[in-house]
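Comments concern the structure below.
The values are calculated or read from the model by the stated rules, or taken from the named source; none is laboratory data. Since the model is a prediction, treat every value here as computed from it, not as a measurement. For neighbour counting, all protein chains shown are included, and Cβ atoms are generated from backbone atoms with ideal geometry for every residue, glycine included.
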Amino acid sequence: MLHIATSWALWPALFAAGLAGAGFAFRTDAPLLWFNVVYLTIVIAIAVFERLMPYEREWLKHDGETLNDIAHTLLTKGGVQIAAAIGASAPMAIATVAQPAFASAAATWPDHWPLVLQVVLGLVIAEFGLYVAHRAAHEFLSLWRFHALHHSVERLWVVNTGRFHVVDSLFKIALSQIPLYLLGASLPVFLWISAVTAFIGLLTHCNMDVRTGPLDWVFSTPRLHRWHHSKVLAEGNTNYGENLVVWDQIFGTYFNPPRRPPADIGISGRIAEGFLAQLVQPFSAKGFRQILGRRHKPQVSSLSGKEEAVPE
Ligand SMILES: [Zn+2]
Ligand SMILES: [Zn+2]
């Protein structure tokens, strides 16, 4: 009984705790510092529950990638934070140049709405960019070469949430954030969107035995994301949403059949060993072929990068 009650409560409780912590952090004099403290606290809480009530026991085993996962997380998330803190992130710089050209569009942001509604609107708009970027990363080899790093994991747990190639991350950030800058969304909207993204992301990858029920229709939950990591193409090329699954619902890539998502995940291509090798691998022809898991040159006509990455 306690297990069932906890498995229903965990996702909403940890998400709410993260948002409450973010709300506290944003009111302090050092919002970034306190936000990171809250983030780390939620990471630790999830890691504890992963041991207490794992979804998949096999995923508790070490895969030798933990340090690489952390390094990629620090580079992508940490780098973005530092850039944002000094006010020089790529989207910001681009928007500063582009915004005057879109002066009328910039005036369209509904600043007079209650903040919570502005954040919801911002999440839906940002999610469209995230959806396009993520789906393209699966359907074009030129982008799959960067995204494969994320799918090379054979276990899902809180620590490999941030395992993204930095190019993959920048592409996603650009497509999701630039429209908001151009529309003139204010800083609090950006802060809250990043908070929601941070905590939903942590939960998405967790190896906790959580039940999300009707939440699966709205949010990118662990259950939906486990399907996304499936080795089976028809299952894996679905559920592209990062926070919300509204665009998956609209474009027909939503996937949530009534059976257990796979525990056997990964790709057939080979990802290099070591953080730096993983960073440079997509840039060389040899590395690209290794990622695709084939020796000869890939077919240019192929539409799905993932299709190429799974053995025939
Ligand atoms: Zn993916
Ligand atoms: Zn993932």
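Checking each residue in segment 149-171 for being within 12 Å of ligand 2 (Cβ to nearest atom), part of a helix (DSSP H, G or I) and either over 17 Å from G201 (Cα atoms) or under 10 Å from the mean Cα position of the chain (by Cα) (or both) picks out H150, T161, G162. The set of residues from segment 230-274 being of a type in the set (D, E) and assigned to a loop (DSSP other than H, G, I, E, B) comprises E242, D264, E273. Inspect segment 213-229 for any residue being crowded, with 18+ Cβ neighbours inside 10 Å, in contact with a strand residue (DSSP E or B) (Cβ under 6 Å, 6 or more places away or on another chain), outside any helix (DSSP H, G or I) and of a type outside the set (G, A, S) and give the result as yes or no. Yes, that holds for at least one residue.
Inspect segment 213-233 for any residue being within 15 Å of W144 (Cα to Cα) and either away from ligand 2 (no atom under 13 Å from the Cβ) or at pLDDT below 95 (or both) and give the result as yes or no. The answer is yes, given that some residue of segment 213-233 is within 15 Å of W144 (Cα to Cα) and either away from ligand 2 (no atom under 13 Å from the Cβ) or at pLDDT below 95 (or both). Filtering L143, L121, L117 for residues that are free of Cβ contacts under 8 Å to residues at least 12 places away in the same chain, more than 10 Å from ligand 1 (Cβ to nearest atom) and surrounded by 16 or more Cβ atoms within 10 Å (Cβ to Cβ) leaves a single hit, L121.
Taken together, I250, I267 contain a single residue that is at pLDDT 95 or above and of a type outside the set (F, W, Y), which is I250.
Restricting attention to segment 233-267, the residues being of a type in the set (A, V, I, L, M, F, W, C) and without any contact (Cβ under 8 Å) to a residue 60 or more places away in the chain number 4. Can I173 be described as among the β-branched types (V, I, T), away from ligand 1 (no atom under 16 Å from the Cβ) and over 30 Å from E58 (Cβ atoms)? In short, no. Suppose the filter is touching a residue at least 24 places away in the same chain (Cβ under 8 Å) and part of a helix (DSSP H, G or I); does A17 pass it? Taking the combined requirement at face value, the residue satisfies it. Being over 24 Å from I193 (Cβ atoms) and in a helix (DSSP H, G or I) is a description that applies to A277. Please work out if E127 is within 16 Å of ligand 2 (Cβ to nearest atom), at negative phi and outside any loop (DSSP other than H, G, I, E, B). Taking the combined requirement at face value, the residue satisfies it.
Taking segment 183-210 as the range and being among the polar types (S, T, N, Q) and away from ligand 2 (no atom under 14 Å from the Cβ) as the test, the residues that pass are S186, S194. Per the listing G162, G201, the residue uniquely free of Cβ contacts under 8 Å to residues at least 60 places away in the same chain, within 16 Å of ligand 1 (Cβ to nearest atom), at negative phi and not hydroxyl-bearing (S, T, Y) is G201.
Among the residues of segment 172-212, those that are in contact with a strand residue (DSSP E or B) (Cβ under 8 Å, 6 or more places away or on another chain), part of a loop (DSSP other than H, G, I, E, B) and more than 19 Å from L19 (Cα to Cα) comprise N207, D209.
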